[in-house]
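The values are calculated or read from the model by the stated rules, or taken from the named source; none is laboratory data. Please read all numbers here as calculations on a predicted model, not as lab measurements. All Cβ positions, even for glycine, are placed from backbone atoms using ideal geometry, and neighbour counts span all protein chains on display. Heavy atoms of the whole protein, side chains included, go into the accessibility calculation; ligands, DNA and RNA do not. Shrake-Rupley method; radii C 1.70, N 1.55, O 1.52, S 1.80 Å.
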Amino acid sequence: MSHKYVYLFSEGNASMRELLGGKGANLAEMTNIGLPVPQGFTISTEACTKYYEDGRRINDEIMAEIMENIAKMEEINGKKFGDLKNPMLVSVRSGARASMPGMMDTILNLGLNDEVVNAMIQGNPDPKFERFVYDSYRRFIQMFSDVVMEVGKKYFEQLIDQMKEKKGVKLDVELTAADLKELAEQFKAEYKKQIGEDFPSDPKTQLYEAIKAVFRSWDNPRANVYRRDNDIPYSWGTAVNVMPMVFGNLNENSGTGVAFTRDPATGEKKLMGEFLTNAQGEDVVAGVRTPMPIAQMEEKFPEAFHQFVQVCSTLENHYHDMQDMEFTVENGKLFMLQTRNGKRTAQAALKIACDLVDEGMIDEKQAVLMIDPRNLDTLLHPQFDAEALAKANPIGKGLGASPGAACGKIVFNADDAIEWKKRGEKVVLVRLETSPEDITGMKAAQGILTVRGGMTSHAAVVARGMGTCCVSGCGEIAMDEENKKFTLGGKTFHEGDPISIDGSTGKIYDGIIPTVDATISGYFGRIMGWADKYRRLRVRTNADTPRDAKKARELGAEGIGLCRTEHMFFEADRIAAFREMICSDTVEERKTALAKILPYQQGDFEQLYEALEGMPVTIRFLDPPLHEFVPNTEAEIELLAKTQGKTVGQIKNIIASLHEFNPMMGHRGCRLAVTFPEIAEMQTRAVIRAAINVQKRHADWTVKPEIMIPLVGEVKELKYVKDVVVATADEELKAAGVEMAYKVGTMIEIPRAALTADEIAREAEFFSFGTNDLTQMTFGFSRDDAGKFLGAYYDKKIYENDPFARLDQVGVGKLVQMAATLGRQTRPDLHLGICGEHGGDPSSVEFCHKVGLDYVSCSPFRVPIARLAAAQAAIKSGED
């Protein structure tokens, strides 16, 4: 038998997600458990992959299988595709294995043409039914033109607005059957004008083009951006779901809605959602009409509502998670069109996970696995200062669609949001409603404010997923997008005016309200407690100041994995002495200048040891090239010349001599200590003296300094610098009459170091993988310049994500694994960690767990993310 590409809903189940996509697998599962689902079929993700392999065409074999399944669907539903007596209309929807709300395309009412429309109307003389048929027809022409043929929506929206103006009405629902019939004709004429041929009347042609369009939408720009942000591989492809239409816009006894079994913003256990009578699904999600709360559905359709409440309970008990459902009521009868684990804010995710454990639905491990570590970021972001907020008067209120506080300058479109952000401005994106094309602008904005749409509109769902503050459906705003202004609360706001929005309450404020750091407790503490119970990897922080170290400790850091000492040299009272050192002619002069810096460095290290309360602190010795420290202005150069007793010309010559063609691969890291061992000597004295002092003050702590030599590529250079360090440290300890253990290790950030790790481990007592430099040296491109061309690499599918943000496990990862294995062959107790920015990226943390590292180190605010990701890695691998 040839390969199967198409599955009836009755042939699938929830475990077939990779093949059927999330939507298809869940439709099949709902069918299996007896819920009212219109019976259709799913075209698998493998068919999507084949479509791209075959040069973006659906081959004859797959098309034949689709037609076979249409025949089966006709038989099950007792209707025929394109039939004049009993026509079957279908919806064609995308469905990837990971939820991508609004990123891909949907076509409703497919199968309509002039003949079918006339036959349907003749079969039912009710004038309301005639209106419904023409409403469905004009929607189909508009959707097909926009999604399949890529004729912009705006042309059709202008025609609708003109028609409403001509008829003197405000709402679409006020247009009569005759108006809609005329609109359908205008739409077809617009289609012909734009495309150059007639609107396709053959339902099979319509279906073929629609399926192709859904496959094509897998590769549209907004889907590519969303995939990159959410770790969804391009190779997965999307499935296509074809199912008979049920009509929420049939009459006043019909409607459509979206609902959650728990509140997606707070996690509260209550049915939450929105409903529109006489409407189709896209009206709710697109935010074109502002819907009514789900509770009001009970008054309108009591029977369907009670059945729906029962379905909600069934689904949550079945999936053991909060569900996000789409449904339609046709003539009082309920149909389920989709269910999925609902997107939720970080606060809601924590509460739901804890509540499900308390309700006995899941265990602690499942609760830990439920939370997306990246979403924790939003919990750690600022909220409005309570005092300032109490004094502020809101000028308007919408729906609090995604929590958090945002303030910034108003912009009116996505492109401006991106441009203004590049200039360093904080912006709030204000739109009538957002569409998926706005995603890059939504990412660039501090917050999003929309005039239309509810809690389940595109803006709300995407903002919640990104952790961006959003207020939606503020109907009080009188918007003038064209002239970049709007009126609210009696005031006109223009582009660039400051505004503040509260995504928890939905309130909007004029001007900028100060924000404060978020505080975390309660559910967060419980989940983190469980995460710490199951993880094997330790989590440290990258911190150079006591303030950062203290913050990281509050967030659960178990030490410092990277203290960059050079950051301490840039302060005004130290930079002058360091510049003296750079411009010195003799070792003595250099030592004199460094002696001025020693007490400052010592003081810095003491504060760090104090902040860490005896936990390990890894101090990296000076790393950047010296030219980064030289003066830039004439006044600074003159001052340095005067201090050094040199001429301005001599100082300029020294500065010029430090210039390098490729400083990232130049005179930096351990090479500085080889050339000027007195730098390593001074830093060692500062480290050891600080440790001695702190240990004396806290007898119950065990202060054990870890000295890290950066940028080693050859064991002999490490040995040279290590000998300087050990001699100096031992001298200091002897002079103080103190016994103290300390470690000397290295960063593995040059490919040669990874390749010769067995030799380097003879001298190094620990390795810390500096994956930022290791990535740029392995790829051979600079992280400062790669942004100029990486965009083209993403577009052409050469790379799927930024290798500086997510560890390249195939290449760089192979070096890390090799170095870990070789190093431990030489020194079995070799301590291994990672201290690049990858230390806070969940997929990179999972990799570190797999290759047996001892810890990851990341920036303070990413510590909880790393703790949770480490626990998830342990649970998934069955090692907890």
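A compact table of results
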| read-out | value |
| --- | --- |
| Residue check, Gln683 part of a helix (DSSP H, G or I), open to solvent by 40 Å² or more (accessible area, probe 1.4 Å), in contact with a Phe, Trp or Tyr (Cβ under 9 Å, 6 or more places away or on another chain) and under 17 Å from Thr618 (Cα atoms) | no |
| Filtered residue count, segment 220-243, keeping only those that are closer than 18 Å to Phe335 by Cβ and in contact with a Leu (Cβ under 7 Å, 6 or more places away or on another chain) | 1 |
| Residue tally, condition buried (at least 18 other Cβ atoms within 10 Å of the Cβ) and in contact (Cβ under 8 Å) with a residue 40 or more places away in the chain, over segment 760-783 | 15 |
| Among the candidates Met163, Met120, residue that is more than 30 Å from Leu19 (Cβ to Cβ), touching a strand residue (DSSP E or B) at 6+ places or on another chain (Cβ under 8 Å) and at pLDDT 90 or above | Met120 |
| Qualifying residue in segment 144-152 (condition: in a helix (DSSP H, G or I) and either free of Cβ contacts under 8 Å to residues at least 24 places away in the same chain or open to solvent by 10 Å² or more (accessible area, probe 1.4 Å) (or both)) | yes |
| Residues satisfying the stated conditions in segment 201-233, i.e. part of a helix (DSSP H, G or I), open to solvent by less than 10 Å² (accessible area, probe 1.4 Å) and hydrophobic (A, V, I, L, M, F, W, C) | Leu207, Ala210, Ile211, Ala213, Val214, Phe215, Ala223 |
| Thr728 closer than 23 Å to Gln817 by Cβ, open to solvent by less than 30 Å² (accessible area, probe 1.4 Å) and among the polar types (S, T, N, Q) | no |
| First in segment 659-679 and over 13 Å from Asp623 (Cβ atoms), second anywhere and open to solvent by 50 Å² or more (accessible area, probe 1.4 Å) and of a type in the set (D, E, K, R), Cβ under 7 Å, 6 or more apart | Glu678/Lys591 |
| Scan of segment 702-725 for residues that are buried (at least 22 other Cβ atoms within 10 Å of the Cβ) and among the aliphatic types (A, V, I, L, M), ordered by number | Val703, Ile707, Met708, Ile709, Leu711, Val712, Leu718, Val721, Val725 |
| Residue within segment 869-876 that is over 23 Å from Glu554 (Cβ atoms), without any contact (Cβ under 8 Å) to a residue 60 or more places away in the chain and open to solvent by 10 Å² or more (accessible area, probe 1.4 Å) present | no |
| Qualifying residue in segment 782-796 (condition: touching a Leu at 6+ places or on another chain (Cβ under 9 Å) and either over 27 Å from Ile619 (Cα atoms) or in a strand (DSSP E or B) (or both)) | no |
| For Lys814: the one exception among (1) open to solvent by less than 70 Å² (accessible area, probe 1.4 Å); (2) assigned to a helix (DSSP H, G or I); (3) not hydroxyl-bearing (Ser, Thr, Tyr) | (1) |
| Selected residue (criterion: least open to solvent (accessible area, probe 1.4 Å)) from residues of segment 567-598 that are of a type in the set (D, E, K, R) and either free of Cβ contacts under 8 Å to residues at least 60 places away in the same chain or out of contact with any helix residue (DSSP H, G or I) (no Cβ under 8 Å at 6 or more places or on another chain) (or both) | Arg574 |
| One residue from Asp808, Asp758, Asp795 being at pLDDT below 90 and over 29 Å from Ala690 (Cβ atoms) | Asp795 |
| Search result, residues across segment 1-50 that are under 31 Å from the mean Cα position of the chain (by Cα) and under 19 Å from Thr328 (Cα atoms) | Lys23, Gly24, Asn26, Leu27, Ala28, Glu29, Met30 |
| Which listed residue, of Ile76, Ile66, Ile107, Ile70, is closer than 30 Å to His318 by Cβ, more than 39 Å from the chain's Cα centre (by Cα), touching a residue at least 24 places away in the same chain (Cβ under 8 Å) and not in a loop (DSSP other than H, G, I, E, B) | Ile76 |
| Scope segment 79-104; condition part of a loop (DSSP other than H, G, I, E, B) and within 20 Å of Thr238 (Cβ to Cβ); matching residues | Arg97, Ala98, Ser99, Met100, Pro101, Gly102, Met103, Met104 |
| Residues satisfying the stated conditions in segment 351-363, i.e. open to solvent by 10 Å² or more (accessible area, probe 1.4 Å) and either touching a residue at least 60 places away in the same chain (Cβ under 8 Å) or assigned to a strand (DSSP E or B) (or both) | Lys351, Asp355 |
| Within segment 234-261, tally of residues that are under 21 Å from Gly22 (Cα atoms) and open to solvent by 40 Å² or more (accessible area, probe 1.4 Å) | 3 |
| Residues of segment 821-864 classified as assigned to a helix (DSSP H, G or I), over 14 Å from Arg806 (Cα atoms) and open to solvent by less than 50 Å² (accessible area, probe 1.4 Å), total | 6 |
| Some residue of segment 742-752 being without any contact (Cβ under 8 Å) to a residue 60 or more places away in the chain, more than 30 Å from Ile371 (Cα to Cα) and assigned to a helix (DSSP H, G or I) | yes |
| Of residues in segment 419-472 being closer than 22 Å to Arg289 by Cβ and of a type in the set (D, E, K, R), the one modelled with the highest pLDDT | Arg431 |
| Tally of residues being within 11 Å of Gly111 (Cα to Cα) and open to solvent by 80 Å² or more (accessible area, probe 1.4 Å) across segment 71-83 | 1 |
| Cβ pairs under 6 Å, 6+ apart, first in segment 293-308 and touching a residue at least 12 places away in the same chain (Cβ under 8 Å), second in a helix (DSSP H, G or I) and buried (at least 17 other Cβ atoms within 10 Å of the Cβ) | Met297/Phe305 |
| Helices (runs of 4 or more DSSP H) (entirely within segment 568-652) containing at least 2 residues that are of a type in the set (A, V, I, L, M) and farther than 24 Å from Arg668 by Cα | 587-612, 634-644 |
| For Ile512: the one exception among (1) within 24 Å of Phe861 (Cβ to Cβ); (2) buried (at least 23 other Cβ atoms within 10 Å of the Cβ) | (2) |
| Of residues in segment 379-407 being closer than 20 Å to Pro864 by Cβ and open to solvent by 30 Å² or more (accessible area, probe 1.4 Å), the one nearest to the chain's Cα centre (by Cα) | His381 |
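This table checks each residue for (1) in contact with a helix residue (DSSP H, G or I) (Cβ under 8 Å, 6 or more places away or on another chain); (2) open to solvent by 60 Å² or more (accessible area, probe 1.4 Å); (3) part of a strand (DSSP E or B).
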{"residue": "His3", "(1), (2), (3)": "yes, yes, no"}
{"residue": "Leu35", "(1), (2), (3)": "yes, no, no"}
{"residue": "Thr42", "(1), (2), (3)": "yes, no, yes"}
{"residue": "Cys48", "(1), (2), (3)": "yes, no, no"}
{"residue": "Glu61", "(1), (2), (3)": "no, yes, no"}
